[in-house]
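Have a look at the structure below, then the notes.
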Amino acid sequence: MQLNDTIAAISTPAGRGGLGIVRLSGRDSRRIAESILKFTKPHAWRGWSAALADLLDSSGHAIDHVVVTFFESPRSYTAEDVVEIACHGSPVVLRHCLERACSAGARLAEPGEFTLRAYLNGRLDLPQAEAVRDLIESTTLYQARVAAQQVEGSVSRRIAPLKEQLLELISLLEAGIDFAEDDVSVAPAEEIVRRLAPIQHGFGALARSFSFGKLVHSGFALAIVGRPNVGKSSLFNCLLEQDRAIVTDIPGTTRDSVSETASVGGIPVRFVDTAGIRAGQDVVETLGIERSYQAIADADLTLVVVDGSVALDGEDQRIVDRAQRHGRHLVVANKSDLGHMVEGAVCVSALTGEGIDALRSQILAAISPEGTFAQEDGFITSLRHEQLLCESIAALEQAAAAARNFIPHEMLLLDLYGALRPIDAITGATTADDILNRIFATFCIGK
């Protein structure tokens, strides 16, 4: 990948629309734009300004009337000169604009190359760059809000001071080893352990936040199970707020699993409506019941729906026991409008909507870490980040143990660098010059 090239790409989704944008980034962006456009007025390029122009074909004929926006380096997304050409959203026009730009000297951008350049040019760090992808792929407003916070640096702000403390400790020990003849004081073992403690605690808290962050990023699966005719499909439709499953008074209407994804509290949830569990009446129903059991095994949370208008029977209890063996579950007593209360169950009425909001809250409370629906700022949503943090925490624990056992600092530094490398993989590399600069900035070496 040649990062000095000027790149071009269509930045809007495929298909027809009111507008479509072709984006150019690189030092030749203005020259290429001038070669394929004819401005309606004498034009002087000014950063963060827009102008009207005609998009020309190879013979000089106007193809479209466009708006050209210029973002001057370094105040652009990539920190390079960026030109955005807003055409009418015809695939033919957009493709022509892109082809003309490439024939004038640009090349097609690789996947993610605009954001890669933003990272390499210092506009974004790695967590922010990854959050751009999450923002684009978000399916709920809450996911988008979390990704936007990460683009603004919410994760980076939590990591940065901890990384700074780790670098200070590394610099201190390196100075004591490399410049011992200058009488640079090195912290005793107790001081090293004391300095490590807040770093371990901070990285540990951030790693633990992934238990909630993965729900925000990936959502979870929820199975709705129970005996026939207890209102599973009605509850399924009620939670989705649409008629997705067929509902009748005939027991066993649902013969196969039906799934649909919807948002609960901003978290994407894949609801699975299952066949009623009873002694199979025929081969098809028996297969459907087997899939119901499989849905319980695969789900992150199971709703066991019972008929709230009658007492629980042995079959209800067997289903509850099975769901309990497989993990988190809630017992939901449907038909609460008929007046019967089931002890320990969430009472709802799929007919009237009574209790549905409370059920959604109970779902979030059951699936979230420690039974609470946390919405703290700066939690991680990337499995890669969680694994790297755990790797760093393990190295920090080894460093603390080495300090307590009075292991020489040369060996202890190996653990500290082992803790720094995974953090660098999250935020970007720390060079040897960074360490040396800290040493000489902190200590009066050679005076």
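The values are calculated or read from the model by the stated rules, or taken from the named source; none is laboratory data. All of these numbers come straight from a predicted model, not from anything done at the bench. Here the Cβ is made from the backbone with ideal geometry for all residues, glycine too, and neighbour counts use every protein chain on show.
Residue-by-condition table, conditions (1) crowded, with 19+ Cβ neighbours inside 10 Å; (2) over 29 Å from Thr40 (Cβ atoms); (3) under 16 Å from the mean Cα position of the chain (by Cα); (4) touching a residue at least 12 places away in the same chain (Cβ under 8 Å):
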position	(1), (2), (3), (4)
His61	no, no, no, no
Ala118	yes, yes, no, yes
Gly122	no, yes, no, yes
Arg133	no, yes, yes, yes
Ala144	no, yes, yes, no
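Do we find a residue being in the same structural domain as Ile36 (by TED's automatic domain parsing), free of Cβ contacts under 8 Å to residues at least 12 places away in the same chain and hydrophobic (A, V, I, L, M, F, W, C) anywhere in region 89-110? Yes, some residue in region 89-110 is in the same structural domain as Ile36 (by TED's automatic domain parsing), free of Cβ contacts under 8 Å to residues at least 12 places away in the same chain and hydrophobic (A, V, I, L, M, F, W, C). When Gly353, Gly344 are screened for being in contact (Cβ under 8 Å) with a residue 40 or more places away in the chain, surrounded by fewer than 19 Cβ atoms within 10 Å (Cβ to Cβ) and not hydrophobic (A, V, I, L, M, F, W, C), only Gly353 passes. Being surrounded by fewer than 22 Cβ atoms within 10 Å (Cβ to Cβ), more than 30 Å from Ala144 (Cα to Cα) and at pLDDT below 85 is a property that Gly314 has. In this structure, Asp357 does not satisfy being farther than 17 Å from Gly204 by Cα, modelled with pLDDT under 85, in a helix (DSSP H, G or I) and not hydrophobic (A, V, I, L, M, F, W, C). Of the residues examined, Thr12 is not one that is modelled with pLDDT under 95, in contact with a strand residue (DSSP E or B) (Cβ under 7 Å, 6 or more places away or on another chain) and crowded, with 22+ Cβ neighbours inside 10 Å. Per the listing Leu169, Leu196, Leu162, Leu173, the residue uniquely within 21 Å of Ala395 (Cα to Cα) and in contact with a Lys or Arg (Cβ under 6 Å, 6 or more places away or on another chain) is Leu169. Might you check whether a residue that is within 34 Å of the chain's Cα centre (by Cα) and modelled with pLDDT of 85 or more occurs anywhere in region 275-282? No; the residues of region 275-282 include none that is within 34 Å of the chain's Cα centre (by Cα) and modelled with pLDDT of 85 or more. Does Gln375 qualify as being at pLDDT 85 or above and either over 28 Å from the mean Cα position of the chain (by Cα) or under 22 Å from Ser218 (Cα atoms) (or both)? Criteria not met by Gln375. Tallying residues that are hydrophobic (A, V, I, L, M, F, W, C) and in a helix (DSSP H, G or I) within region 104-134 yields 8. Condition check for Pro91 on (1) surrounded by fewer than 19 Cβ atoms within 10 Å (Cβ to Cβ); (2) within 20 Å of Pro13 (Cα to Cα); (3) under 30 Å from the mean Cα position of the chain (by Cα): one failure, at (3).
When we screen Phe39, Phe71 for residues that are surrounded by 14 or more Cβ atoms within 10 Å (Cβ to Cβ), aromatic (Phe, Trp, Tyr) and at pLDDT 95 or above, the only hit is Phe71.
Checking every residue in region 35-58 against the condition of being in contact (Cβ under 8 Å) with a residue 60 or more places away in the chain and either farther than 14 Å from Ile7 by Cβ or over 33 Å from the mean Cα position of the chain (by Cα) (or both) gives at least one match.
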